[in-house]
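The values are calculated or read from the model by the stated rules, or taken from the named source; none is laboratory data. Quantities reported herein were computed from a predicted structural model and do not represent experimental measurements. A quick note on method: Cβ atoms are made from the backbone with ideal geometry, for glycine too, and the neighbour counts reach across all protein chains shown. Remember, those area values only see protein heavy atoms, side chains included, never the ligands or the DNA or RNA. Shrake-Rupley method; radii C 1.70, N 1.55, O 1.52, S 1.80 Å.
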Amino acid sequence: TATIDAVPGAPDVPAFTLTQPDCDIPTGTITVTNVQQGHTYSINGGDFQTETQFTGLTPGSYIITVRNTDGCTSSQTATIDAVPGAPDVPALTLTQPDCETLTGSIEIISPLDENYTYSINGADFHKSPLFTGLAPGEYIVIVKDINNCSSAASATIEMPDEGLIPELTATQPDCDTTTGTIEVTSPLGAGYSYSLNGGAFQSNPVFAGITPGSHTITVKDLKGCTNEAMIMINPAPGAPDMPMLSLIQPDCIIPTGTITITNAQPGYTYSINEGGFQTLTQFTGLAPGSYNIAVKNTDGCTSSQTANIDAVPGVPDVPALTLIQPDCNTPTGTIIVTNAQQGHAFSINGGTYQPESQFEGLTAGEYTITVKNEAGCISSQTAT
């Protein structure tokens, strides 16, 4: 016995979905959607594969074939459309600002079609090709078609008059000059004139002797267009109080003096004889002479005061002594300082100083006579 099988059935005609090219991806994709177990797929007679998707397809007609496990096939044709073209780059007409209207407008004059929409800087696409009330600046004008393809052009809305808004610098009052100066640094040129606080226009861009306060500078061009800017002149800084000084004069022990500022303020700095300014308020080790003490505040203003360090006081002369020795009638001696000076004081053997220069009733022995002048300096001599 022999058996002849039934004629094998062809597979279902392939069903598929198409992803067409667009402005961003210029190729298409075909995806088989009625996939069966064991079936394989081919495009345009190529090798069969288990993958059900064909990508990177250029525009054109494609035959998709499905083959079942019996080797029978079915086919279906699909078409990948042409890549949609971007619209022409927009041609523009610009209306620039002027003295009366400080904003401009942009109008797209081509391409014009009901299938196009228009945008500035990628926002709010709409049918109107006219954009008004535009402040000075750079703009990107975009035209988009129904395939979402777009082209763009740039446009510049200028200032009412290029560079017309004045740029200003100020020289502020300082400790020496109580008024300021305002200078226009832009725009400059023969076609411009300048006014201070609504006054007469002048060709000179510099205004000197300006009192503290807010001031308006207006610039005008040859067309009569004007613009203005404001600048502040600060109050003149004040000088600090004159330094108050306390002095320690040289003496017999320390031959140099010290100057101390007693009315010091936070943030102030101090200088002696035009030297570097410092935060310390005391100057020590000063030789005799005249000194200029300057104080500088946080505004950089200064005041000064002069102080004198006295000469180092001199040591008095060694006392010259005359001695009256004891005798048979007077059993004690006397020491007399013979070079005594007005204002000197005298001591014997470290005792209390006295104005008298004679010491009596001295028993036999050695004595040290000390003389001290008004500066407190001393000299001594010994007698027996």
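When segment 330-340 is filtered for residues that are buried (at least 16 other Cβ atoms within 10 Å of the Cβ) and not hydrophobic (A, V, I, L, M, F, W, C), only G333 remains. Residues in segment 340-351 that are modelled with pLDDT of 95 or more and polar (S, T, N, Q): S347, N349.
Check whether at least one residue in segment 62-78 is loosely packed, with under 15 Cβ neighbours inside 10 Å and within 55 Å of the chain's Cα centre (by Cα), and report yes or no. Checked segment 62-78: no residue is loosely packed, with under 15 Cβ neighbours inside 10 Å and within 55 Å of the chain's Cα centre (by Cα).
From the set of residues in segment 262-272 that are in contact with a strand residue (DSSP E or B) (Cβ under 9 Å, 6 or more places away or on another chain) and open to solvent by 80 Å² or more (accessible area, probe 1.4 Å), which is nearest to A236 (Cα to Cα)? Restricting to residues being in contact with a strand residue (DSSP E or B) (Cβ under 9 Å, 6 or more places away or on another chain) and open to solvent by 80 Å² or more (accessible area, probe 1.4 Å), the top hit is Q265.
A Cβ distance below 7 Å, combined with a sequence gap of six or more or placement on separate chains, defines the contacts here; from segment 1-30, residues that are closer than 17 Å to S74 by Cα reach residues that are of a type in the set (D, E, K, R) and at pLDDT below 95 in the pairs P8/D70. Of the strands (runs of 3 or more DSSP E) entirely within segment 31-73, those holding at least 2 residues that are of a type in the set (V, I, T) occupy 40-43, 60-67.
Residue selection: G180 fails the criterion of being under 30 Å from N234 (Cβ atoms), out of contact with any helix residue (DSSP H, G or I) (no Cβ under 8 Å at 6 or more places or on another chain) and free of Cβ contacts under 8 Å to residues at least 12 places away in the same chain. Considered as a group, the residues in segment 304-329 that are open to solvent by 70 Å² or more (accessible area, probe 1.4 Å) and over 30 Å from N292 (Cα atoms) include one that is nearest to the chain's Cα centre (by Cα), and that residue is D317.
Pairing each residue of segment 317-330 that is farther than 14 Å from L362 by Cα with any residue that is outside any strand (DSSP E or B) and open to solvent by 90 Å² or more (accessible area, probe 1.4 Å), provided the two are 6+ apart or on different chains, yields C-beta distances under 8 Å for D317/Q341. For T40, the test of being without any contact (Cβ under 8 Å) to a residue 60 or more places away in the chain and out of contact with any Gly (no Cβ under 6 Å at 6 or more places or on another chain) is passed. E51 - would you say it is under 29 Å from E138 (Cα atoms), open to solvent by 50 Å² or more (accessible area, probe 1.4 Å), free of Cβ contacts under 8 Å to residues at least 40 places away in the same chain and not hydroxyl-bearing (S, T, Y)? For E51, the condition - under 29 Å from E138 (Cα atoms), open to solvent by 50 Å² or more (accessible area, probe 1.4 Å), free of Cβ contacts under 8 Å to residues at least 40 places away in the same chain and not hydroxyl-bearing (S, T, Y) - is not met.
Here segment 199-245 is the region considered, the condition is being open to solvent by less than 50 Å² (accessible area, probe 1.4 Å) and of a type in the set (S, T, N, Q), and the residue that is nearest to N297 (Cα to Cα) is T216.
Taking (1) touching a strand residue (DSSP E or B) at 6+ places or on another chain (Cβ under 7 Å); (2) closer than 16 Å to P313 by Cβ; (3) of a type in the set (A, V, I, L, M) in turn, I336 satisfies each apart from (2).
Residues of segment 360-379 include none that is among the acidic types (D, E), farther than 25 Å from I254 by Cβ, without any contact (Cβ under 8 Å) to a residue 12 or more places away in the chain and not in a strand (DSSP E or B). Taking A287, is it open to solvent by 30 Å² or more (accessible area, probe 1.4 Å) and in contact (Cβ under 8 Å) with a residue 40 or more places away in the chain? The answer is no for A287.
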